[in-house]
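To start, the structure itself, in structure tokens.
The values are calculated or read from the model by the stated rules, or taken from the named source; none is laboratory data. Here the structure is a predicted model, which is why all the values come from computation and not from measurement. Here Cβ is always computed from backbone atoms with ideal geometry, including for glycine, and neighbour counts include all displayed protein chains.
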Amino acid sequence: MLTTVKEKITELKKLGYQDFQIRKIFLETVNTTDIENLPTIKLQHLLEILELQISFAYKCKDKIRNK
């Protein structure tokens, strides 16, 4: 699951997210930026939040493109 989280982080970066924004997501979601040692349940929650953020980013990108 950690690998999938890292893939989502890479996707967010490709969408234009900066490291400080990703760290803020970590802190707000799991209260740490050290994702290497997170329990599975917290990794799952983080993954869900990252997927929501990616979905949001694509929606925003589409709206900008369609203007």
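Could you please find all residues in segment 22-40 being hydroxyl-bearing (Ser, Thr, Tyr) and farther than 18 Å from residue 52 by Cα? Correct list: 32, 33, 40.
Quick check on segment 34-57. Is at least one of its residues touching a Lys or Arg at 6+ places or on another chain (Cβ under 6 Å), modelled with pLDDT under 95 and under 19 Å from residue 6 (Cβ atoms)?
no
Could we say that residue 9 is surrounded by 13 or more Cβ atoms within 10 Å (Cβ to Cβ), among the hydrophobic types (A, V, I, L, M, F, W, C) and within 8 Å of the chain's Cα centre (by Cα) here? Here the answer is yes, as residue 9 does meet what is asked.
Going by the structure shown, is residue 49 surrounded by 14 or more Cβ atoms within 10 Å (Cβ to Cβ) and touching a residue at least 40 places away in the same chain (Cβ under 8 Å)? Considered against the rule, which asks whether it is surrounded by 14 or more Cβ atoms within 10 Å (Cβ to Cβ) and touching a residue at least 40 places away in the same chain (Cβ under 8 Å), residue 49 comes out as no. Of all the criteria given as (1) over 12 Å from the mean Cα position of the chain (by Cα); (2) part of a helix (DSSP H, G or I), the one not satisfied by residue 36 is (2). Checking residue 21 against (1) assigned to a helix (DSSP H, G or I); (2) loosely packed, with under 11 Cβ neighbours inside 10 Å; (3) not charged (D, E, K, R): exactly one of these is not met. Which one? Among (1) assigned to a helix (DSSP H, G or I); (2) loosely packed, with under 11 Cβ neighbours inside 10 Å; (3) not charged (D, E, K, R), residue 21 violates only (2).
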